[in-house]
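Beneath this line is the structure, given in structure tokens, with notes to follow.
The values are calculated or read from the model by the stated rules, or taken from the named source; none is laboratory data. Quantities reported herein were computed from a predicted structural model and do not represent experimental measurements. Here the Cβ is made from the backbone with ideal geometry for all residues, glycine too, and neighbour counts use every protein chain on show. SASA here: full protein model, heavy atoms, side chains in, ligands and nucleic acids out. Shrake-Rupley method; radii C 1.70, N 1.55, O 1.52, S 1.80 Å.
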Amino acid sequence: MEAVEDIVIVGAGIAGLATSLGLHRLGIRSLVLESADSLRTTGFALGMWTNAWRALDAIGVGEILRAKHHMLIGVVATSATTGIATSQRPAAAKDSQFDHEVRCVSRKLLLETMENELPRGTIRYSSKVVHIEIDGRFKSIHLADGTVLKTKVLIGCDGVNSVVAKFLGFKKPAFVGRSAVRGIVYFEEGHGFEPKIMQFFGKGIRYGVIPIDDHGVYWFFSFSAPSHEKEIEEDPLKLKQFILSNLGKVSDKIKEVYERTELNNITFSPLRFRHPWELLWGNITKNNICVAGDALHPMTPDIAQGGGASLEDSIVLARNLAMALKETDRKQDDDEYERIEEGLKQFARERKWRIFDLISASYVVSLVQHGDNVLTNFLRDKMAKYLAGMLMKKACFDCGKLIVS
């Protein structure tokens with residue numbers, strides 16, 4: 001069985017749905033292939049900074065999500081070794097270039113909101129891509145169920161283990177030597193936290209607690225891989241006990257967040273990233289195939305820009321692809337392939353250095369924040385305000401509007 005599509009997007013995650021929605025807002029249909037049988041919400045929540053909200057506004061879902069998530073007013077960094085706050089920085093700091101809009105957004109609500117804005121039938125679930133091949137000016141996509149799709153444009157938004165990125169020649173993302181545990185907990189009576197990002201550092205660990213709304217609290221805990229990691233990874237109870245035994249000097253209220261989290265609301269994942277220099281000589285696009293989101297730029301979570309960068313990708317990609325397609329419609333000629341090719345190359349040019357900067361900054365920050373020696377401990381405590389400022393500076397980016405002239 002073979003079907004033909006103009007644009008196929010692999011992966012119904014943040015980048016995939018945002019790209020499809022961006023194209024839809026510009027009057028262009030796409031098909032999204034998702035290997036799972038429903039939306040995948042692994043990770044529970046993510047920080048969304050100013051740059052992300054600009055992108056969400058561009059695709060028309062910003063206000064829907066704002067109504068369901070608290071505005072956060074600042075970042076507090078505390079030493080888990082001493083219990084002393086090393087930095088407190090408001091989101092609207094006077095020395096910031098912009099007053100920042102920061103919220104911790106439920107991944108489930110984010111994906112469902114975008115799905116609800118797409119035409120019925122845009123997402124095809126249980127559609128695992130097993131093989132890709134070039135077929136003249138088309139791409140043939142072979143699915144596990146035997147279906148073969150032909151498409152003019154193939155966009156890989158299929159995450160860290162991307163099939164499309166592999167096809168383009170990218171190496172498998174590298175393990176950084178650390179892992180992250182993420183969780184979510186709900187307080188029926190209300191959690192009582194101030195709307196702030198609370199981060200803690202010390203002895204090779206970094207963790208944080210972030211309110212989502214009046215009742216939901218998202219948390220993360222990242223650490224250098226211990227020798228018995230495999231054992232605790234496979235046992236949620238041992239994982240939770242490991243975290244509780246390594247929180248350090250923090251308040252009972254912070255400990256309660258971790259204590260009250262149900263075992264089925266905890267996920268574990270090794271942290272991986274793409275070496276930034278791969279973006280300089282790798283094929284972000286080739287033969288009218290490209291990658292975006294985590295398929296393009298897996299990065300450590302230390303500056304909270306993985307999700308925001310994926311949304312930026314989607315706006316830039318949808319805009320450039322729509323320009324190419326609409327130019328062909330206007331001129332009614334046979335140069336569509338070349339225009340699409342140039343549109344995708346322009347996307348790569350616009351995103352390459354921005355992504356290089358984010359991956360590099362996040363990796364450097366991770367080295368300082370997770371170090372467990374005299375030098376890194378000194379740098380972390382003395383540079384806490386600078387690191388918070390770097391996070392805010394990276395969030396000032398504006399990916400632009402979904403406007404095609």
I'm checking my understanding of the structure. Among residues of segment 215-243 that are open to solvent by 60 Å² or more (accessible area, probe 1.4 Å) and touching a Phe, Trp or Tyr at 6+ places or on another chain (Cβ under 6 Å), which one is nearest to Arg107 (Cα to Cα)? His215
Hey, Ile134 hits all of (1) of a type in the set (Val, Ile, Thr); (2) open to solvent by 50 Å² or more (accessible area, probe 1.4 Å); (3) under 27 Å from Asp302 (Cβ atoms) but one; which does it fall short on? (3)
Can you tell which of Glu327, Glu338 is assigned to a helix (DSSP H, G or I) and modelled with pLDDT of 90 or more? Glu338
Among Val163, Val176, which is the only one that is within 30 Å of Asn283 (Cα to Cα) and modelled with pLDDT of 95 or more? Val163
Residue count for segment 298-331, restricted to those that are in contact with a strand residue (DSSP E or B) (Cβ under 7 Å, 6 or more places away or on another chain) and among the polar types (S, T, N, Q): 1
Among the residues of segment 249-258, which ones are open to solvent by 40 Å² or more (accessible area, probe 1.4 Å) and either touching a residue at least 60 places away in the same chain (Cβ under 8 Å) or within 19 Å of Ala45 (Cβ to Cβ) (or both)? Lys249, Lys253, Glu256
Would you check if there is a residue in segment 281-291 being at pLDDT 95 or above and either under 20 Å from Gly202 (Cβ atoms) or part of a helix (DSSP H, G or I) (or both)? no
Sole miss for Arg120 among (1) farther than 22 Å from Tyr337 by Cα; (2) at pLDDT 95 or above; (3) open to solvent by 70 Å² or more (accessible area, probe 1.4 Å); (4) in a strand (DSSP E or B) is condition (4)
For segment 241-258, give me each residue that is among the hydrophobic types (A, V, I, L, M, F, W, C) and assigned to a helix (DSSP H, G or I). Phe242, Ile243, Leu244, Ile254, Val257
Kindly indicate whether any position in segment 146-155 is open to solvent by less than 40 Å² (accessible area, probe 1.4 Å) and under 23 Å from Gly307 (Cα atoms). yes
Considering residues of segment 45-59 that are touching a residue at least 40 places away in the same chain (Cβ under 8 Å) and open to solvent by 10 Å² or more (accessible area, probe 1.4 Å) only, the residue farthest from Leu391 (Cα to Cα): Ala58
Is it the case, given these coordinates, that Glu188 is touching a Lys or Arg at 6+ places or on another chain (Cβ under 8 Å), acidic (Asp, Glu), surrounded by fewer than 16 Cβ atoms within 10 Å (Cβ to Cβ) and without any contact (Cβ under 8 Å) to a residue 60 or more places away in the chain? no
Which ones in segment 158-175 are open to solvent by 40 Å² or more (accessible area, probe 1.4 Å) and part of a loop (DSSP other than H, G, I, E, B)? Val160, Asn161, Gly169, Lys171, Lys172
Under 8 Å between Cβ atoms, at least 6 apart or on separate chains: pull out the pairs that start in segment 94-110 with a residue that is open to solvent by 30 Å² or more (accessible area, probe 1.4 Å) and end on any residue that is at pLDDT below 85 and among the hydrophobic types (A, V, I, L, M, F, W, C). Asp99/Ala91; Asp99/Ala92; Glu101/Ala91
Looking only at segment 259-280, and only at residues there that are assigned to a helix (DSSP H, G or I) and charged (D, E, K, R), the one that is surrounded by the fewest Cβ atoms within 10 Å (Cβ to Cβ): Glu259
Condition check: surrounded by fewer than 21 Cβ atoms within 10 Å (Cβ to Cβ) and over 21 Å from Gln241 (Cα atoms). Does Lys203 satisfy that? no
Take the residues in segment 292-324 that are touching a Pro at 6+ places or on another chain (Cβ under 9 Å) and part of a helix (DSSP H, G or I); name whichever of them is least open to solvent (accessible area, probe 1.4 Å). Gly306
